[in-house]
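Read the structure below first, then the notes.
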Amino acid sequence: MTRVAPLAAAFVVTLAAVTGGAAIAGYVTADGAAPAPAIQNDHYQNPDLIANDTPGQATVEMDASAGSQTVLVDPGVEPATARPVLPFSLIGLGGGGVADRDIRPLANALIENGHEVGVYVPDPDQQRRPVRPGAEETTQLGERLAEADAFVTFRTDYEPDELDAIESFVESGGHVVLATEPDAAYSQPGAASLDATLDVTTESGYVYNMEENDLNYQRVYAEATGDASLTEGVDRAVFPSATPVGTPAGGADVLRPIEGSELSTTRAPTDAPLLVRNDEVVMIGDSDFLSPDNARRADNDALIGNLADFLVTNDRTPPGDGGSTGPTQPGPGQPPTNGTAG
Amino acid sequence: MSADKPSTALTSRQQVAVVVLAAALVGAVLAPSVYAATNEPSDTVAVVEIEGPVNTALADDVESELADIRANESVGAVVLKLDTPGGAPVASERMYKAVQRTSDDMTVIASVQSISASGGYYAMAPADEIYVLPTSTVGSIGLNAPAPRASSTALGPSGPDKAGSNPTQAWAEQQTLADTFINAMMAERSDEFEMPREEVAKADTYLGTEAVQNGFADEIGSLNEAIHAAATEEELGEYTVDTRETGQEFGIPFLVRTDTGIVAIHANDPGYADVKPMPSTYVYTPAVPHVDTIERFSETDVRTGGAASTERGTPGNETARLSGGVGA
């Protein structure tokens, strides 16, 4: 019995030798499972990957030496949709249209050079009045246009009598800037009527450029195609969402998208103009290019200055243009009747 | 005494020999399993599921499964079973890196089921081959984000960029986010793409039949064919398939489209804390349901349910609701 211990030891040693050998053999012949090293991805470390986010500078300057002119701006507030809701929504907050902030660079340039800027916001109550039979067929817009020398609009859905007012305004020498958007054809009826009134055309779809753009494929660059007052000092302008526009008149005052631009609806290359001039009318296929943020991009500031010059350099003399009536107040309310009135 | 000993008892030498023999026999029985435990043969194809919206939970699981697969010598090849419209950028990148590392170790084949777009495409791009079915959808290489807008001045933050920067900075960041994705895809598959970078960046999606023509995919084939191809590539001979599920059940958090952007909802009956906006996504938007669609179902539920107690109704109610919510 005293031999049990050595025998047990022999058993354990042998068993350990066999299984241990198997284990060692397994480890030796196994492939290493060490963690793989990190993979360098050069495409993440390319310095060109980081887009330049410098906002830029804008200096909007006017050259025109015309006397004080009145420029009426229609930011595109829609009375049809605004009528049932609170008047607060009429000031361009919410809904379509362009907020006051978005036209600041243009308005500032005009104001700094001694011109007057009025914002047209339709009064929902007065809007119904001209419909009454026998009443004087004067629209609110017509009344405001009668006092103005130039008209800037971001709207396309005018009533027929408003279109008449715009047409006679243009015929009397008033200058008009119409800034539209690619989706105007979708959201607003009547764009074709305004186009016909002003003798301009719009294509459906938007222009984009995958090769060279201002931080987004829809923010396209446009270049001047010739020497003209509207494009003076404008090598390149940025249009954040542009639709092609045209005019049968032709002319040199045009900006066309740079090479590589394509039209969304056809996916084909396009060089159709994004800005055209038809005598008294300038049609622009974009309405965001003159916002403060976009005025700092490329030469938009120069373009805005040129547009301001175009607006105030007109042949129109408003009928009742006797003296200064002071800046036109935005909003539907009547101006306070104290003292100076009359 | 000494005359009968040799006939009945073993000598000490013999006893040792018997014990050693017994130990050797036992050892011989144990040795194969010990050997196998330390040197498993590579005879398994792991199928890793990447399904539902790409989010942190999914990336966590995919990373951990692939790390486990890389460390497990019994796995000889990996097939990614994809069915996702994409989702969060960082989660997509994490899966991309995990697949890239795994693809360095062994054959990885991606097998697209109905869709692998945007962030899903990002994740599978480093695979050795992409298998699609004829009507699978792949592509959508780009960023989804709303147009940056100027906001009114925030008073209080410690710096001008603390509470949101200006629109130009936001545009630039979005462009960088998009280029990060597009550049990675060009690095992975520019040899396969039958189109220039500008065309890839249009973020179009393609059906499987077209994808194998334009380089967005490599082969038309089912999951089983992808598994077989992976096993063949690694010369596995006879192999077993080990399917590894990832992400949470029911695809939570799920993605919902609103008029202003995409939100991730982290609960079936969400409270405020369960809804998180996703300002920038690598997602194929048409594959994400609009919140109006979901609200329509909820309205039906409220109308037919009546009492509040039915909100947490039986599975039967669920079926009734989905089939139009009639009766109950």
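Residue-wise test of (1) of a type outside the set (G, A, S); (2) modelled with pLDDT under 90.
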site: B:A229; (1), (2): no, no
site: B:T232; (1), (2): yes, no
site: B:L236; (1), (2): yes, no
site: B:E249; (1), (2): yes, yes
site: B:N268; (1), (2): yes, yes
**Study point:** Per-region count, the range B:65-90, residues more than 14 Å from chain A (Cβ to nearest Cβ) and outside any strand (DSSP E or B)
**Key:** 3
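Residue-wise test of (1) modelled with pLDDT of 85 or more; (2) within 14 Å of chain B (Cβ to nearest Cβ); (3) on the phi < 0 side of the Ramachandran plot.
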| site | (1), (2), (3) |
| --- | --- |
| A:Y186 | no, no, yes |
| A:T202 | yes, no, yes |
| A:Y206 | yes, yes, yes |
| A:A228 | yes, no, yes |
Exercise for review: May I ask you to list the residues in the range B:223-259 that are in contact with a helix residue (DSSP H, G or I) (Cβ under 6 Å, 6 or more places away or on another chain) and without any contact (Cβ under 8 Å) to a residue 40 or more places away in the chain?
Suggested key: B:V256, B:T258
Exercise for review: Mind telling me which of the residues B:G164, B:G159, B:G142 ends up being surrounded by fewer than 19 Cβ atoms within 10 Å (Cβ to Cβ) and under 19 Å from A:L215 (Cα atoms)?
Suggested key: B:G164
Study note, to complete from the structure: Picked from the range B:104-114 (must be surrounded by fewer than 22 Cβ atoms within 10 Å (Cβ to Cβ) and out of contact with any Gly (no Cβ under 9 Å at 6 or more places or on another chain)), the residue nearest to B:A184 (Cα to Cα) is B:D104
Review point. Going by the conditions given, is A:G142 at positive phi and at pLDDT 85 or above?
Key: no
**Study point:** Checking A:A179 against (1) away from chain B (no Cβ under 14 Å); (2) more than 30 Å from A:P319 (Cβ to Cβ), the condition it does not meet
**Key:** (2)
Review point. Of all residues in the range A:266-297, which are within 14 Å of chain B (Cβ to nearest Cβ), farther than 30 Å from B:E199 by Cβ and in a loop (DSSP other than H, G, I, E, B)?
Key: A:L290, A:S291, A:R296
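Residues A:A80, A:A25, A:A34: which one is in contact with a Phe, Trp or Tyr (Cβ under 9 Å, 6 or more places away or on another chain), surrounded by fewer than 17 Cβ atoms within 10 Å (Cβ to Cβ) and modelled with pLDDT under 80?
Testing whether each residue is in contact with a Phe, Trp or Tyr (Cβ under 9 Å, 6 or more places away or on another chain), surrounded by fewer than 17 Cβ atoms within 10 Å (Cβ to Cβ) and modelled with pLDDT under 80 leaves just A:A25.
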Exercise for review: Quick one: which strands (runs of 3 or more DSSP E) lie wholly within the range A:154-227 and hold at least 1 residues that are buried (at least 17 other Cβ atoms within 10 Å of the Cβ), touching a strand residue (DSSP E or B) at 6+ places or on another chain (Cβ under 6 Å) and of a type in the set (G, A, S)?
Suggested key: A:175-179, A:220-224
**Study point:** Condition check for B:D128: surrounded by fewer than 19 Cβ atoms within 10 Å (Cβ to Cβ) and in contact (Cβ under 8 Å) with a residue 24 or more places away in the chain
**Key:** yes
Practice item. Within the range A:86-100, identify whether any single residue is at pLDDT 80 or above, surrounded by 19 or more Cβ atoms within 10 Å (Cβ to Cβ), under 22 Å from the mean Cα position of the chain (by Cα) and under 22 Å from A:D309 (Cβ atoms), and answer yes or no. Key: no
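The values are calculated or read from the model by the stated rules, or taken from the named source; none is laboratory data. Everything numeric here is computed off the predicted structure, so don't read it as measured data. When we count neighbours, we look across all protein chains shown, and the Cβ atoms used for this are built from the backbone with ideal geometry, even at glycine.
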